[in-house]
Amino acid sequence: MSVSRAISLLSFIAVAISSQDSSKPVVTIDPSGWIYEGDAVILTCEAKGHRSNGSATRWFRNRVLADSTPQTEMIAASGVSYTLRPAAPSNTEIYWCSIMGWDSWPIQFKVRELFSPPMLSVEPSGMVTEGENVTFRCEVLPPPRKPGVSLQATIFFTDDSGLTKAVSAGDQHTFVAERANAGSYHCAVQAVKNHVRKISPPLWLAVRQVFISVTLTASPGVRVKVHQPLSLKCSAVIKNQSSGHQDTDRAETSFTFLRDGQPVVTRSHSDLYTIISVNRSHAGKYRCVVNAGRAQKHSQEILIYLQNRPVVFGLGALGFLAATVVLCVKWFSSSL
């Protein structure tokens, strides 16, 4: 074969290959920059020299199985465009399309994590005692990787019966521990715009019960008269942690009495609050607070109010009233 014929043959083969490559469909991707979970990703299949109404377009992807074996599968979609909404990190795969038997070059893109799963923390950690202040915090570290993304956190509580409810519409929840607060807590964080939602691992809160009951009573009663004495008694039944029995006499126990939310007696060792002579300033809503070590518990609220004083007539007033009655009777008799 002459050199000129060999050159002509190679040129023909190169043109044929080039013509075949130019006929291959091309997959374009939108957006073309970084892609984050929650975004909408649109793949479009285009080919020069091939007209397709969409029904002749097929989409494929390569998936990597758990044992690292690649697997090709057809996507249950048809048309010149294929949309991933919302995109997830698991969508980081190899895609290609086929138009009338012509396969495109494969394309691969990476879906980046928008934010890390949240972590829930509690202070103090470990078992808490009823009456202690407890604070839960829901945090996402590091902050969202995509600029301009804002997150909204909600903290949830699941009680012993399995009932779950939201206890805060924010990343922090603070409360005074009670026995009813024992249970499982978790938080959920959601991106405001694209609705990506992630949940923290659960966190268990154990509450040590100290008080069986705390009750406030009034003597002679909640309805009193001016200048009358009044006694308020704060009765606390405390659980004996060693034996499990009830105990009503603890040397370290102190009592605080509140009227309309303001303390009138603070940290007293007496469970009795006495008013020798009641006046109008003593009316209001009362409750007591019992402290035993780190534990604290409030009683129910009672309302103390004053009775209206009865009308008392003196002797002069009675005589005037009697004379008025006699005159009225005489006038009525004469008019008949």
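The values are calculated or read from the model by the stated rules, or taken from the named source; none is laboratory data. Nothing here was measured: the structure is a model prediction, and the numbers come from that model. So basically every Cβ, Gly included, is an ideal-geometry build from the backbone, and we count neighbours across all protein chains shown. These area figures cover heavy atoms from the full protein model, side chains too; ligands, DNA and RNA do not enter into them. Shrake-Rupley method; radii C 1.70, N 1.55, O 1.52, S 1.80 Å.
A Förster distance of 41 Å, applied to the separation of the beta-carbon atoms of Arg223 and Val176, puts the FRET efficiency at 0.85. Three principal axis extents describe the C-alpha atoms of region 145-291; from largest down they are 70, 43, 25 Å. Placing a pseudo-label 7 Å from each Cα along the Cα-to-Cβ vector at Leu141 and Ser32 gives an inter-label distance of 3.9 nm. Between Ala56 and Leu203, the FRET efficiency from the beta-carbon distance, with R0 = 56 Å, is close to 0.55.
For region 74-166, build the convex hull from the C-alpha positions and give me its volume per residue in Å³. Don't jump to the answer; show the numbers that get you there.
Details: hull volume 18.0 nm³, N = 93.
Measuring per residue, one finds 193 Å³ for the Cα hull of region 74-166.
Based on Cα atoms of region 163-243, Rg over Rh with Rh as the Kirkwood radius reads 1.25.
For a straight C-alpha distance cut-off of 18 angstrom, the lysines reachable from Lys110 (same-chain residues fewer than eight places away being disregarded) are Lys146. Computed over protein heavy atoms with a 1.4 Å probe, the accessible surface of region 79-222 works out to 53 Å² per residue.
Cross-link partners of Lys24 among lysines, defined as those whose alpha carbon lies under 22 angstrom from its own and excluding same-chain residues fewer than eight positions apart: Lys48.
Remark: spin-label model distance Ala88-Leu163 equals 3.2 nm, labels positioned 7 Å along the Cα→Cβ axis. Net charge within 15 Å of Ala180 by Cβ-Cβ distance, Lys/Arg positive one each and Asp/Glu negative one each, not counting Ala180 itself? Around Ala180, the surrounding residues sum to -1. His269 contributes about 140 Å² of solvent-accessible surface, heavy atoms of the protein only, 1.4 Å probe. When the surface is traced with a 1.4 Å probe over the full set of protein chains, Met74 keeps roughly 110 Å² accessible. Computed from label points 7 Å out along Cα-Cβ, the spacing between Ile75 and Trp102 is 2.0 nm. Here Lys239 is the anchor, and the lysines within straight C-alpha reach of less than 29 Å, apart from those fewer than 8 places off in the same chain, are Lys285, Lys297.
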